[in-house]
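Everything below concerns the one structure shown next.
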Amino acid sequence: MSKKACFVWCLALGLLDGIYCVLCSHLPHIQNYMWIGFISLPIYFCGGAKLAEMPRYLCCSACGVLWGALTLVALGLGLFSGDLNMAICVTVIVTLCCFFHLGIGTEDKFGGLFSNCPMVFGGFAAIFSQGNGELIWVIITLWLGIVLGWIMGAAAAPIAKMIDQPAK
């Protein structure tokens, strides 16, 4: 892609971000969480933004939210005192999470559906910022960011083809 095509693509990326923000700002409840889409957007986009991989990203973002929610529940139980509670709860749950998404979840019987650990941690971080009362909205907004990432990725080839077309 030439620098001229790259500039036009970057302009399209900025416009798509702007449209996303405007749309989210008018959607009840989503408006408070539009920023969460910018967690999943770069993870998916930098991962190649391939449509065939979208189910994996959608699944792993939701799993990440659920792992994070489980962590918040465990922390709330206060099984240990002070910092020890945080250290033990987070260590145990993140170990299980990583073993599932980097080990068991990568097996053929799951078709790789659970094998995107960066997206899992994107969901994990998002729910940590919002708390367990907002699970569905956090997942929806993560998914909106993934869709936005796919649209941005899909825009690259047509823009490059249109701008970098050889002169006739």
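The values are calculated or read from the model by the stated rules, or taken from the named source; none is laboratory data. What you see is a predicted model, and the numbers here were worked out from it, not measured in a lab. Neighbour counts are summed over all protein chains in view; Cβ atoms, including those assigned to glycine, are modelled from backbone coordinates with ideal geometry.
May I ask you to verify whether Leu96 is more than 12 Å from Ile43 (Cβ to Cβ) and at pLDDT 90 or above? Yes: the conditions hold for Leu96.
Close contacts from segment 128-139, counting a first residue that is at pLDDT 90 or above and a second that is exposed (fewer than 13 other Cβ atoms within 10 Å of the Cβ), with Cβ to Cβ under 9 Å and a gap of 6+ residues or different chains, come to Asn132/Val73; Asn132/Gly76; Trp137/His29.
Summed over segment 84-131, the residues that are surrounded by 15 or more Cβ atoms within 10 Å (Cβ to Cβ), in a helix (DSSP H, G or I) and either touching a strand residue (DSSP E or B) at 6+ places or on another chain (Cβ under 9 Å) or among the hydroxyl-bearing types (Ser, Thr, Tyr) (or both) give a count of 1.
The set of residues in segment 1-57 being in a helix (DSSP H, G or I), among the aromatic types (Phe, Trp, Tyr) and within 19 Å of the chain's Cα centre (by Cα) consists of Tyr20, Trp35, Phe38, Tyr44, Phe45, Tyr57.
Looking across segment 47-59 at every residue that is surrounded by 21 or more Cβ atoms within 10 Å (Cβ to Cβ) and either in contact with a Gly (Cβ under 7 Å, 6 or more places away or on another chain) or of a type in the set (Lys, Arg) (or both), the one that is farthest from Ala155 (Cα to Cα) is identified as Arg56. Between residues in segment 40-65 that are under 15 Å from Ile151 (Cα atoms) and without any contact (Cβ under 8 Å) to a residue 12 or more places away in the chain and residues that are aliphatic (A, V, I, L, M) and part of a helix (DSSP H, G or I), which pairs lie under 9 Å by C-beta distance while being six or more apart or on different chains? Filtered contacts from segment 40-65: no entries.
For segment 28-46, indicate whether the set of residues that are surrounded by 15 or more Cβ atoms within 10 Å (Cβ to Cβ), farther than 15 Å from Ile140 by Cβ and either modelled with pLDDT of 95 or more or of a type in the set (Asp, Glu) (or both) is non-empty. No; the residues of segment 28-46 include none that is surrounded by 15 or more Cβ atoms within 10 Å (Cβ to Cβ), farther than 15 Å from Ile140 by Cβ and either modelled with pLDDT of 95 or more or of a type in the set (Asp, Glu) (or both).
Scanning segment 74-108 for residues being under 22 Å from Lys50 (Cβ atoms) and over 18 Å from the mean Cα position of the chain (by Cα) gives a total of 3. Scanning segment 68-83 for residues that are under 16 Å from Ile127 (Cα atoms) and of a type in the set (A, V, I, L, M), we see that the one that is surrounded by the fewest Cβ atoms within 10 Å (Cβ to Cβ) is Val73.
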